[in-house]
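This report concerns only the one structure given below.
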Amino acid sequence: YPDEEIKKELSSQGVNSVYKYNKTIGGVKSPSSVILLTFDLYSVPESINISWYKVKVREYIPNPMRCKSCQILGHTVKRCKNSPSCENCNLPPHTDSECTRTFCANCAEEHPASSNKCTKFIQQKFCKHLFYKSTLTKIMD
C-alpha cells in the first residue's frame, strides 16, 4: 500500500507520518515488513490496530551516521570533505589483502571504523538515545 494510504488509515490512532523501509537482495530493492510511524500524541501507544490485528510498536533510535568514504562518524559521503580511507586500517583505500593493521578512524582503538563496539559510536548512540527518548517516533515491525 502507498505511504499516504497507510497514513490516512492510521491517522485515527495518532499516526501523522509513515515511512516504509526497503531491503536490497542481490542488488534489487524490494519492500520490507518494517514501517516507521511517527505519532502526533502526548503518549505513544504500546500497540496499534491494523485491520483485525493488534500490532506492537517499539522505539526507533537510528544509528549514528558514518561516512563510507573517510569512515568518520557524524556525516555521510555526500557531505564529506576528507580524504578517503580504508574502513579497517584508516590508511588510503587499497585491496583487503594490503591491510596490515586494524585501526579505528574515530577512537584510535584496534577495531574497524564500522564496529558497533567503538567507544565513539557507543557515545553517539547514547546521545541519540537521550534525544530520541523525548520524541514520539516508534517503529512497527
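The values are calculated or read from the model by the stated rules, or taken from the named source; none is laboratory data. The model shown is predicted, which means the values in this text are computed figures rather than measured ones. Backbone-built Cβ (ideal geometry, glycine too); neighbour counts: all protein chains shown. Protein only, heavy atoms only, side chains kept; ligands, DNA and RNA dropped before computing areas. Shrake-Rupley method; radii C 1.70, N 1.55, O 1.52, S 1.80 Å.
The condition (being modelled with pLDDT under 90 and either farther than 22 Å from Ile122 by Cα or surrounded by fewer than 17 Cβ atoms within 10 Å (Cβ to Cβ) (or both)) is satisfied by just one residue among Tyr19, Tyr42, Tyr53: Tyr42. When Gly14 is tested against (1) under 28 Å from Lys117 (Cα atoms); (2) open to solvent by less than 70 Å² (accessible area, probe 1.4 Å); (3) not hydroxyl-bearing (Ser, Thr, Tyr), exactly one condition is not met: (1).
For the stretch 73-91, the set of residues classified as in contact with a Lys or Arg (Cβ under 7 Å, 6 or more places away or on another chain) and either part of a helix (DSSP H, G or I) or of a type in the set (Asp, Glu) (or both) consists of Val77 only. When Asn106 is tested against (1) touching a strand residue (DSSP E or B) at 6+ places or on another chain (Cβ under 9 Å); (2) in contact (Cβ under 8 Å) with a residue 60 or more places away in the chain; (3) under 25 Å from Phe126 (Cβ atoms), only condition (2) is not met. Right, Ala108: of a type in the set (A, V, I, L, M) and closer than 18 Å to Met65 by Cβ or not? Against the criterion (of a type in the set (A, V, I, L, M) and closer than 18 Å to Met65 by Cβ), Ala108 does not qualify.
Before we move on, is Lys78 without any contact (Cβ under 8 Å) to a residue 60 or more places away in the chain, of a type in the set (D, E, K, R) and surrounded by 14 or more Cβ atoms within 10 Å (Cβ to Cβ)?
Judged against the criteria, Lys78 is not a match.
Could we say that Ser85 is open to solvent by 80 Å² or more (accessible area, probe 1.4 Å), among the small types (Gly, Ala, Ser) and more than 18 Å from the chain's Cα centre (by Cα) here? Answer is no for this residue.
In the set Ile48, Ile35, Ile61, which member is surrounded by 11 or more Cβ atoms within 10 Å (Cβ to Cβ), more than 22 Å from the chain's Cα centre (by Cα) and touching a residue at least 60 places away in the same chain (Cβ under 8 Å)? Reasoning before the result, please.
Details: Ile35 fails: more than 22 Å from the chain's Cα centre (by Cα); Ile61 fails: more than 22 Å from the chain's Cα centre (by Cα).
Of the residues listed, the single one that is surrounded by 11 or more Cβ atoms within 10 Å (Cβ to Cβ), more than 22 Å from the chain's Cα centre (by Cα) and touching a residue at least 60 places away in the same chain (Cβ under 8 Å) is Ile48.
Residues of the stretch 92-110 that are out of contact with any helix residue (DSSP H, G or I) (no Cβ under 7 Å at 6 or more places or on another chain) and either surrounded by 14 or more Cβ atoms within 10 Å (Cβ to Cβ) or outside any loop (DSSP other than H, G, I, E, B) (or both): Asp96, Ser97, Glu98, Cys99, Thr102, Phe103, Cys104, Ala105.
Taking the stated definitions as given, is Glu9 surrounded by fewer than 13 Cβ atoms within 10 Å (Cβ to Cβ) and farther than 30 Å from Leu130 by Cβ?
Spelling it out, it is not the case that Glu9 is surrounded by fewer than 13 Cβ atoms within 10 Å (Cβ to Cβ) and farther than 30 Å from Leu130 by Cβ.
Quick check on the stretch 111-138: of everything there that is more than 17 Å from Leu73 (Cβ to Cβ), of a type outside the set (Val, Ile, Thr) and in a loop (DSSP other than H, G, I, E, B), which residue is most open to solvent (accessible area, probe 1.4 Å)? Walk me through it before giving the result.
Residues of the stretch 111-138 that are more than 17 Å from Leu73 (Cβ to Cβ), as a first pass: 133-138.
From the residues that got through so far, the ones that are of a type outside the set (Val, Ile, Thr) too are 133-134, 136, 138.
In the following step, the residues that additionally are in a loop (DSSP other than H, G, I, E, B) were identified as 134, 136.
On the way: Ser134: 96, Leu136: 51 Å².
Of everything passing the filter in the stretch 111-138, Ser134 is most open to solvent (accessible area, probe 1.4 Å).
Taking the stretch 1-40 as the range and being of a type in the set (A, V, I, L, M), in contact with a helix residue (DSSP H, G or I) (Cβ under 9 Å, 6 or more places away or on another chain) and under 14 Å from Glu59 (Cβ atoms) as the test, only Leu37 passes.
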